[in-house]
Amino acid sequence: MKKWVALTGSTCIAMSAVAAPMVVAQANAPVNIVVASWSGTNVTNGIINAQLAAFNKSHPGIHAVYKPISGNYETILKTEFVAGDAPDIITLNNGGQAPTFESEGAVVPLNSYIQKSHYSLKDFFPGAINMFVSGKTVYGLPRDQSPLVQYDNPAMFKAAGISGPPRTWAQFQADAKKLTNPKKKVYGYVQTPQEPRWGQFLMQAGGNVMNPAMTKMTLNTPAALKGFTFFINLYRHGIAAQPSTVGATWGGQALGMGHAAMTLEGAWAIPYLQDTYPKTPFKIVTLPRGPKNNESLDFPTAWAITKDSQHPQQAWEVINYLTGSGEARWVEQGGLVTVRKSLINMPYYKHHPIYQNILNQLPKAYPWNFPNGFDQYVNTTLANETLLAVEGKITPKQALQQLQQQGEQILKNGGSN
Amino acid sequence: MSVVRVARHETRGGIRRWHRKETAAAYFFTLPTLILLATFTLGPAVYAFFLSGVSWNLLNTMHWVGWGTNFKQLLTMPLFWTSVKNSVVFAAIVMPTQTVIALIFAVILNQNLPARGLFRLAFFFPSISSSAVTSLMFMWIFNKLGLLNGLLAWFGINGPDWIGNPRFALSSIMILNIWSTSGYFMVVFLAGLQAIPQSIYEAAMIDGANGLQRILKITVPLLRPSTFFIVVMGMIGTLQMFDQSFIISGGTGGPLNSTTTIALLIYQEIFSYGNVGLGAAATVFLFVIVLVFTILVNRWLGKPIEY
């Protein structure tokens with residue numbers, strides 16, 4: 001009994017001894033800033049961790065921590081916003097997610113911070129920054145990007161007697177035909193029939209899914225039909241296949257498995273192919289030219305400060321550091337591409353020539369984006385109508401009519417369905 | 001001591017007071033569970049009912065639009081009826097199949113067979129595995145170049161792209177679900193079988209009943225309490241199927257909405273598309289369906305056994 005009392009007593013004293021300095025420390029403890037992003041590859045996570053560690057060293061008043069969100073990134077973020085407990089800094093994604101967070105006020109305008117810090121936006125590629133600017137309000141500063149580029153298997157090209165990568169649609173089609181061998185489960189072109197993999201064909205024909213201001217659907221134009229029909233016909237003629245036909249889940253995997261001679265992916269496929277399929281040779285080229293141009297889709301991401309942040313000023317300092325011209329170069333190491341024009345000549349790219357054609361594609365890359373309210377449209381409607389056309393159940397024209405009509409309906413309802 | 005206590009309780013007021021004290025104590029002891037139930041089960045259920053009358057996308061401010069608006073929009077939505085069809089077809093095929101398979105295996109494994117324990121473990125194993133893991137496993141089996149098509153190729157059959165083809169995708173998930181739940185229900189049936197007195201079988205054998213007759217006339221009717229439990233649990237489980245569709249279709253319910261179940265649609269509407277009101281309305285709809293079916297099953301199988 002006595003022993004027990006003594007023990008409790010000493011524990012209490014010990015605890016208070018520990019607690020006392022903690023209280024003192026708290027008074028000038030660094031401000032915690034939580035930086036969130038979807039959990040990517042180890043490389044990506046490693047880069048962010050390293051950047052934040054370096055930041056913390058040079059900024060003793062701020063302690064930034066990285067919080068990778070695994071699973072459904074936007075869904076989990078939304079639930080954290082509902083709880084009023086979102087991270088201080090989040091990563092805005094392409095494909096319509098950024099406009100949703102922006103127009104609902106989940107992320108705060110950065111204009112005042114940009115002004116105060118004399119931060120220049122001029123160095124960013126327009127494709128990377130424009131998506132996060134609405135009118136004159138800047139909601140996010142670009143983190144990384146990747147345009148869609150063409151991945152080739154040079155061994156297959158050589159075996160088929162094709163000297164170089166296709167430079168026009170006609171060559172693309174002809175090459176895909178030569179490279180296809182259904183018996184061996186090899187197709188000239190393997191790709192999921194999703195809009196972020198066919199939108200560029202519309203642009204190359206002079207059309208697009210929506211107008212640049214995203215206020216009108218433009219799928220009913222002859223140019224859009226031309227680009228879409230070209231894409232659908234690749235499948236109808238049997239020279240393109242869905243990844244699942246060859247037992248893969250995406251184009252990059254099909255290429256790595258040796259079932260695809262060509263596919264379209266972003267820079268993210270580089271570390272994947274090198275690590276997972278080191279024996280499969282691959283080459284990256286800019287997209288072949290359509291009737292009008294060889295425009296590509298771009299997939300930029302950006303850092304933004306949330307409305308739930310208690311310390312927006314400190315959060316801005318973290319963003320300022322992460323996107324600063326000196327630090328942004330770390331981004332290039334994991335299948336990500338720089339968002340700064342001034343960095344495309346940096347030594348890293350000289351030592352890794354595989355990135356050269358990705359950089360060459362950058363000036364002709366248009367961000368993949370949709371306005372608020374298009375979540376369902378982007379997630380299922382586009383894919384479903386395209387799949388029906390690929391399977392020959394409806395014509396390309398019917399598919400586009402459906403998509404045009406449903407998109408107009410969403411726009412008419414004021415961006416919410 | 002005890003004499004005194006009895007004497008005190010003999011008066012009426014005493015008994016009433018004792019009752020009240022007992023009730024208070026009972027509530028006191030169940031309070032932690034009641035609080036948990038109210039906070040995490042009853043509360044959210046009531047809240048979901050409230051949410052089915054609002055317009056909210058999780059990020060903006062919620063406002064009341066009335067139940068009429070949301071339910072009208074839900075019931076006129078083609079995708080909703082696709083999901084209802086998928087869920088009902090799924091339940092109508094999976095629930096009876098898994099019940100019959102579970103019964104057959106239970107009867108077989110109730111015999112004195114060699115390596116009985118090993119087989120029981122093997123059949124039970126899928127149900128204690130994570131559904132995420134088994135879904136991924138079946139994605140490989142059902143892959144266009146996967147195990148199943150490899151097997152079919154031996155017989156000269158060019159197997160379809162099971163998961164990528166809208167005609168086969170839901171069936172693939174049905175097979176997965178039957179495989180993963182039959183084992184669990186088999187164990188329930190096994191427990192039920194042990195409770196049937198051996199003497200009844202012996203009496204039947206003396207009367208000249210053959211094996212099949214013994215199963216159909218004795219085993220099946222006397223297993224009714226187990227069957228009731230299995231049918232109700234199986235029905236609720238299949239009508240609420242979410243995880244396997246979610247993982248196999250990558251959250252889209254594709255291809256062509258062929259694997260969109262009601263539960264998956266609820267998730268998509270609330271968390272992906274920002275239509276919280278619609279999703280909550282679908283939740284209420286699912287609750288009503290499950291309730292009605294449960295009441296019907298209860299009428300059919302819920303009676304006590306009469307020997």
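The values are calculated or read from the model by the stated rules, or taken from the named source; none is laboratory data. These numbers were taken from a predicted model, which means no experiment stands behind them. With ideal geometry, Cβ positions are generated from the backbone for all residues, glycine too; neighbour counts draw on all protein chains shown.
With respect to the conditions (1) at pLDDT 95 or above; (2) surrounded by 17 or more Cβ atoms within 10 Å (Cβ to Cβ); (3) among the charged types (D, E, K, R), A:Asp144 lacks only one, and its number is (1). Between B:Gly192, B:Gly156, which is within 25 Å of the chain's Cα centre (by Cα), away from every other protein chain (no Cβ under 14 Å) and of a type outside the set (A, V, I, L, M)? Exactly one of B:Gly192, B:Gly156 is within 25 Å of the chain's Cα centre (by Cα), away from every other protein chain (no Cβ under 14 Å) and of a type outside the set (A, V, I, L, M), namely B:Gly192.
Confirm whether A:Ala304 is within 14 Å of another protein chain (Cβ to nearest Cβ), buried (at least 21 other Cβ atoms within 10 Å of the Cβ) and not basic (Lys, Arg). So A:Ala304 fits the description; yes. Checking the structure you have, find out if any residue of the range A:307-321 is at negative phi and within 14 Å of another protein chain (Cβ to nearest Cβ). Yes, that holds for at least one residue. Here B:Val133, B:Val100, B:Val107, B:Val88 are screened, and the one residue that is under 30 Å from B:Ser52 (Cβ atoms), of a type outside the set (Lys, Arg) and not in a loop (DSSP other than H, G, I, E, B) is B:Val88. The selection criterion, being in contact with a Phe, Trp or Tyr (Cβ under 9 Å, 6 or more places away or on another chain), more than 14 Å from every other protein chain (Cβ to nearest Cβ) and under 15 Å from B:Glu269 (Cβ atoms), does not hold for B:Leu58. Scan the range A:165-182 and tell me whether some residue there is within 14 Å of another protein chain (Cβ to nearest Cβ) and either of a type in the set (S, T, N, Q) or farther than 26 Å from A:Ile410 by Cβ (or both). So far as the range A:165-182 goes, yes, one or more of its residues are within 14 Å of another protein chain (Cβ to nearest Cβ) and either of a type in the set (S, T, N, Q) or farther than 26 Å from A:Ile410 by Cβ (or both). Restricting attention to the range A:197-217, the residues being in contact (Cβ under 8 Å) with a residue 40 or more places away in the chain, surrounded by fewer than 17 Cβ atoms within 10 Å (Cβ to Cβ) and not charged (D, E, K, R) number 1.
Residue pairs whose Cβ atoms lie under 9 Å apart, sitting 6 or more positions apart in sequence or on different chains, and linking a residue in the range B:103-132 that is free of Cβ contacts under 8 Å to residues at least 40 places away in the same chain to a partner that is surrounded by 13 or more Cβ atoms within 10 Å (Cβ to Cβ) and aliphatic (A, V, I, L, M), are B:Ile104/B:Met186; B:Arg116/B:Leu109; B:Phe119/B:Ile108; B:Phe119/B:Leu109. Condition first: at pLDDT 90 or above, more than 22 Å from B:Asn60 (Cβ to Cβ), more than 14 Å from every other protein chain (Cβ to nearest Cβ) and under 24 Å from the mean Cα position of the chain (by Cα). Can you find one or more residues in the range A:68-81 that meet it? Yes - at least one qualifying residue is present in the range A:68-81. Looking across the range B:233-265, the residues that are of a type in the set (A, V, I, L, M) and more than 13 Å from chain A (Cβ to nearest Cβ) come down to B:Met233, B:Met235, B:Ile236, B:Leu239, B:Met241, B:Ile262, B:Ala263. If we keep just the residues of the range A:361-404 that are hydroxyl-bearing (Ser, Thr, Tyr) and within 12 Å of chain B (Cβ to nearest Cβ), which is surrounded by the fewest Cβ atoms within 10 Å (Cβ to Cβ)? Residue satisfying both the conditions and the ranking: A:Thr381.
Farther than 30 Å from B:Gln198 by Cβ, assigned to a helix (DSSP H, G or I) and among the polar types (S, T, N, Q), is that true of B:Ser172? Considered against the rule, which asks whether it is farther than 30 Å from B:Gln198 by Cβ, assigned to a helix (DSSP H, G or I) and among the polar types (S, T, N, Q), B:Ser172 comes out as yes. Scan the range B:59-76 for residues that are within 12 Å of B:Gly279 (Cα to Cα) and either of a type outside the set (A, V, I, L, M, F, W, C) or not in a helix (DSSP H, G or I) (or both) and jot them down. If the condition is that a residue be within 12 Å of B:Gly279 (Cα to Cα) and either of a type outside the set (A, V, I, L, M, F, W, C) or not in a helix (DSSP H, G or I) (or both), then B:Asn70, B:Gln73 are the ones that fit. Just so you know, in the range B:202-212 the residues that are part of a helix (DSSP H, G or I) and modelled with pLDDT under 90 include one that is farthest from B:Leu103 (Cα to Cα), and it is B:Gly211.
Residue count for the range B:61-71, restricted to those that are surrounded by 12 or more Cβ atoms within 10 Å (Cβ to Cβ) and either within 14 Å of chain A (Cβ to nearest Cβ) or of a type outside the set (Gly, Ala, Ser) (or both): 7. Only one of these is β-branched (Val, Ile, Thr), assigned by TED's automatic domain parsing to the domain that holds B:Thr260 and more than 24 Å from B:Ala92 (Cα to Cα): B:Ile236, B:Ile230, B:Ile206. Name it. On inspection, the qualifying residue turns out to be B:Ile206.
The residues of the range A:220-231 that are surrounded by fewer than 23 Cβ atoms within 10 Å (Cβ to Cβ) and touching a Gly at 6+ places or on another chain (Cβ under 9 Å), listed by number, are A:Thr221, A:Pro222, A:Ala223, A:Leu225, A:Lys226, A:Phe230. Looking only at residues of the range B:89-106 that are of a type in the set (A, V, I, L, M, F, W, C) and surrounded by fewer than 19 Cβ atoms within 10 Å (Cβ to Cβ), we find that the one that is nearest to the other protein chains (Cβ to nearest Cβ) is B:Val89.
Among the residues that make up the range A:81-93, is at least one of them of a type in the set (Ser, Thr, Tyr) and closer than 15 Å to A:Val378 by Cβ? Among the residues of the range A:81-93, not one is of a type in the set (Ser, Thr, Tyr) and closer than 15 Å to A:Val378 by Cβ, which makes the answer no. The single residue among A:Ala128, A:Ala98 that is within 20 Å of the chain's Cα centre (by Cα), modelled with pLDDT under 95 and within 26 Å of A:Gly414 (Cβ to Cβ) turns out to be A:Ala98. Taking the listed residues A:Gly227, A:Gly188, A:Gly199, the one that is under 30 Å from B:Phe168 (Cβ atoms) and assigned to a helix (DSSP H, G or I) is A:Gly199, with no other qualifying. Among the residues of the range A:235-252, not a single one is more than 14 Å from chain B (Cβ to nearest Cβ), surrounded by fewer than 18 Cβ atoms within 10 Å (Cβ to Cβ), without any contact (Cβ under 8 Å) to a residue 40 or more places away in the chain and at negative phi. If you check B:Ile141, B:Ile173 for being within 14 Å of chain A (Cβ to nearest Cβ) and either buried (at least 17 other Cβ atoms within 10 Å of the Cβ) or closer than 30 Å to B:Pro304 by Cα (or both), only one passes: B:Ile141.
Answer yes or no as to whether B:Met186 is within 20 Å of B:Ala102 (Cα to Cα), assigned to a helix (DSSP H, G or I), in the same structural domain as B:Gln244 (by TED's automatic domain parsing) and not β-branched (Val, Ile, Thr). Against the criterion (within 20 Å of B:Ala102 (Cα to Cα), assigned to a helix (DSSP H, G or I), in the same structural domain as B:Gln244 (by TED's automatic domain parsing) and not β-branched (Val, Ile, Thr)), B:Met186 qualifies.
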